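These notes are about the structure you will find just below.
The values are calculated or read from the model by the stated rules, or taken from the named source; none is laboratory data. From a predicted model like this one, the values you see are computed outputs, not experimental measurements. Virtual Cβ from ideal backbone geometry, glycine too; neighbours counted across all protein chains shown. Ligands, DNA and RNA are excluded from the accessible area calculation, which covers all protein heavy atoms including side chains. Shrake-Rupley method; radii C 1.70, N 1.55, O 1.52, S 1.80 Å.
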Amino acid sequence: MTEIDRQQPPGDDSFAERLDFLCTNDPRGPFSNPEVVRMLEKEDMPAPSGTYIWQLRTGRSDNPTKKTMDALADMFGVPRDYWANDATAAAVNVMIKRLNGLKAKGATPEQLHRQLKGFTQRMSQGVDPEKLVGQLEALERFNAAGVTAADLERLKDARVTGIAMRAVGLSPQGLDAAVAMIEHVRRLEGLPPEPSASAEI
């Protein structure tokens, strides 16, 4: 059984339950119904009324248009098939819960939201959601070891040789965590997971 299955197995949760989960657990939230409308308007997306969001969120209206569903998914930064695909919803919900766990270690709501959008993009490119959850687990291990967001920011500016020297003596699990963190920082900077052979050091 995978981490995603353990945390939230696919089920028959409704559109209303999924929307309420996002409104309640978005790293930038929780959001009231009027706040959801304002955020949609701010991003120039189709914005229904606050009453309609309330109806959708409580299940009193259960037939939203595709246009509304896509706008909500884009605003929350989740895949557009979140509403209909149980496996996608389960994976995304686990990611959101784990991302929220990083708030106490210095990550800002906007940083976490950008990370979620990045995960959504990578899922659309075919990356296994379980791998993304594994990267979040690595982040949590760093945090548990006392590595703060500020430490990670300084790490981005450290010399490559210094980073390599710090890896000497780490266990295989520690090396895996270090590699996952470096890959994470490279993605934040828009770089490929691995440098090319001609990359400058």
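Carbon-plus-sulfur accessible fraction, the range 50-142 (probe radius 1.4 Å, protein heavy atoms only): 49%.
With 26 Å as the limit on Cα-Cα distance, the pairs of LYS66/LYS117; LYS103/LYS131; LYS67/LYS117; LYS97/LYS117; LYS66/LYS105 that go past it are LYS66/LYS105.
Is the shape of the range 5-113 rounded, prolate or oblate, going by the alpha carbon gyration tensor and its root eigenvalues a ≥ b ≥ c, with a/c under 1.5 for rounded and a/b larger than b/c for prolate? Walk me through the numbers on the way to the answer.
Working: a/c = 1.87, a/b = 1.18, b/c = 1.59.
Oblate, since a/c reaches 1.5 and b/c is not below a/b.
Couplings 3J(HN,Hα) for the range 25-38, derived from phi with the Karplus relation 6.51 cos²θ - 1.76 cosθ + 1.60 (θ = phi - 60°), are 10, 3, x, 8, x, x, 10, 7, 4, x, 5, 4, 4, 5 Hz, where x marks Gly and Pro.
I need the trypsin sites (Lys or Arg not before Pro) found in the range 27-86, filtered to DSSP loop residues with at most 15 other beta carbons within 10 Å of theirs. The qualifying sites are ARG28, ARG60. Under the combined filter of DSSP loop state and at most 12 neighbouring Cβ atoms within 10 Å, the range 33-134 retains these GluC sites (Glu not before Pro): GLU43.
Just check the range 90-141 against the gyration tensor rule for me: Cα atoms, a ≥ b ≥ c as the square roots of the eigenvalues, rounded for a/c under 1.5, and otherwise prolate or oblate depending on whether a/b exceeds b/c. Intermediate values should be presented prior to the final figure.
Working: a/c = 2.07, a/b = 1.49, b/c = 1.39.
Here the range 90-141 falls in the prolate category.
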